[in-house]
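Here's the structure we're looking at; comments come further down.
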Amino acid sequence: MPELKRLHAGHAPAVLAFELANRAYFAASVSDRGDDFFDQFTDRYNASLAEQEAGICAFYVLVAEDGSVLGRFNLYNVEEHCAELGYRVAQHVSGRGVATATVRELCRLAVAEHGLRTLRAATARQNGASQRVLTKAGFVPVGPADPAHLGGNPGTWYERDLVLQPHT
């Protein structure tokens, strides 16, 4: 059974393998991270761990029984009981409810572990799969997202009130 775990230094090789294996798949629906992301992976990964330690962000990985990463689920810009949600799952598990179930679990953790009351997520208009995940996990559209926030793509902000919807 896959397990959602807080990101730590030991996850780095599995996270890099996940990103490399799914790069083309991700680029079909979200902006490609670019070669610099992979060239500077260690520095960026360590910076993420430092941000997490500082309480600015909270990063999670969905880990399979074999130790491979099936998905990344992140809380960004944590402040004033609110955060932005970002996530991506491996191609071989997409369409199976993995993202929806894990986003629901992260909503629970957002309250229990981070004291959050609201989560926001932006998704590009062409990313129907992400929109379905958010809707199934209790998020509602709240307005347009700045295309600069989505790699130049027009999109929509979704929001979930974790206090009013604690058990979705």
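Nothing in this text is a laboratory measurement; each read-out follows from the coordinates by a stated rule. This structure is a prediction, so every number in the text was calculated from the model and none was measured. Don't worry about glycine lacking a Cβ; one is built from the backbone with ideal geometry, like all the others, and counts go over all protein chains shown.
Structure summary
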item	result
Per-peptide average of other Cβ atoms within 10 Å, ordering 151-158, 51-58 highest first	151-158, 51-58
Charge dipole magnitude, Cβ of K and R +1, D and E -1 - the chain, Cα centre, debye nearest 20	680 debye
Kyte-Doolittle mean at least 1.0 and Cα axial length at least 15 Å: DSSP H helices in the chain	98-112
Lys/Arg +1, Asp/Glu -1 at C-beta; the chain dipole; positive extreme among ASN127, GLY151, ALA47	ASN127
Amide proton proximity set for LEU4, modelled H, under 5 Å, gap of 5+	VAL63
Burial order of peptide ranges 11-21, 39-49, 82-92 (average beta-carbon count within 10 Å, highest first)	82-92, 11-21, 39-49
Estimated [θ] at 222 nm from DSSP helical runs (n ≥ 4, -39500 (n - 2.57)) normalised by residues in the chain, nearest 500	-10000 deg cm²/dmol
